Every structure is written in C-alpha cells, then in structure tokens.
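K.L.:
Shown below is the structure under consideration.
Coordinate-derived values only; no laboratory data. Please read all numbers here as calculations on a predicted model, not as lab measurements. No Cβ is skipped: glycine too gets one built from the backbone with ideal geometry, and neighbour counts run over all protein chains shown.
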Amino acid sequence: MNITTRPSYAQPAVIGGVIMGVLSALPIVAAGNLCCCLWLLSGGAIAAYLLQQNQTAPLTPADGALVGLLAGLVGAFVRFAVAIPIDLMLAPMEHAMLQRILDMGTLPPEARDILERYARRDRELSGAFFIVSRLVGLMFWLFLGAIFSTIGGALGALIVRKQTPPGTLDIPPSA
C-alpha cells in the first residue's frame, strides 16, 4: 500500500506571496494590478505551479486554491513591508512635482484648487495618519489577496496539472 503525504504549502505560498507583494509595491510595475489584478492572480498561479512541481500526483483545484490563498495573505504583508520605505523615499519627489505643477500657472482654477488642497492636506497630516493609512491598506490588500490569489491558485492548478499516466488510478489521498 502506497501512502502519500500531503504536500507542504509553505514554500510555494511564500515564494508566490513574495513575488506578488514586491510587484504590487513597486511604483510603476504595480500598475499591472489595474489589469484584472494581474500580480494577485499571478502570485496564486505561481504558488500552484511550485506546489505541483514538488509532488508527483496531479494537483487538485482545491490544493491550488489553498496555496493561492496563503500566497495572497503572505503577499499582502510583503507589500505592506516593501511599500513603506518606497513611499517614504518617493514622498519628497512627489511633493516637488506637485509644487512644480502648481507653479506653472497653466492649470484651470478648479484643478489648481484641488491640487492646492491636496498639497495642504499632505503637509498638515501627521505620522499617525501615515500609520493608520498603511494599516487600512494592509487590510485592503489582505482582502484582495484572499480573493484574487485564491482564484489564481485554482486556475494555476488547472493549467499546470500533471496528467496521470494511462492505466493509473487517480485516487486522491485521504485527509
């Protein structure tokens, strides 16, 4: 009797989550998430691919969804950790660009008013708002990661699933 063990989800979930989190935190690259949550889906699919590579039995969509879910949760924390220093480094450049736009004087009065309010609000807010906004962002990414990485993991499991050889019984391992 051949006893099969459940695959380890940890390594594929961490690798998929790190890829998803880093790509989602990079300023220009993060725009890929505007295209149907590309990096979130990809993180789950990569985790499913890696999970399939670590086992000989075909990957079930449920296993792919579970590893995708874990990758999405890991990815949210990775994005949280990577985005903070990036935001702190880019804030002075963002303020300078905003000031240059305001100094050009070619904006319509409505747009100028909006940008001036944004610049004033940004200067008036303390570090507490920065922390609260990052924590709210973390909750948002945990929610999105749980949904879209799970879908990506299930789709990835269907795409990368190994075929069973002819004449082999495909009996899933009992839990």
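K.L.:
How do the peptides 47-53, 112-118 rank, highest first, by the average count of neighbouring beta carbon atoms within 10 Å per residue?
P.N.:
Ranked by mean Cβ neighbours within 10 Å, highest first: 47-53, 112-118.
K.L.:
In nm, to one decimal, how far is the residue 98 label point from the residue 117 one, both placed 7 Å along Cα→Cβ?
P.N.:
Rounded to a tenth, the inter-label distance reads 1.3 nm.
K.L.:
Something else: Which angle from 0 to 90°, rounded to the nearest 10, does the C-alpha axis of helix 127-160 make with the longest principal axis of the chain?
P.N.:
That helix lies at roughly 30 degrees to the long axis.
K.L.:
For the chain, what does -39500 (n - 2.57) per DSSP helix run (n ≥ 4), summed and divided by total residues, give at 222 nm, in deg cm²/dmol to the nearest 500?
P.N.:
That comes out to -25500 deg cm²/dmol.
K.L.:
Could you check the simple spin-label distance between residue 35 and residue 130, using points 7 Å along Cα→Cβ, in nm with one decimal?
P.N.:
3.3 nm
K.L.:
Another question about this same structure. If you line up the long axis of helix 10-25 against the longest principal axis of the chain, both from Cα atoms, how many degrees apart are they, to the nearest 10?
P.N.:
Once rounded, one gets 20 degrees.
K.L.:
Quick one: helix 38-53 against the long Cα principal axis of the chain, what's the angle to the nearest 10°, folded into 0 to 90?
P.N.:
Approximately 20 degrees, to the nearest ten.
K.L.:
Can you sort 107, 23 by how many other beta carbons sit within 10 Å, fewest first? Show your work: numbers first, answer last.
P.N.:
Values: 107 14, 23 21.
By the 10 Å Cβ count, ascending: 107, 23.
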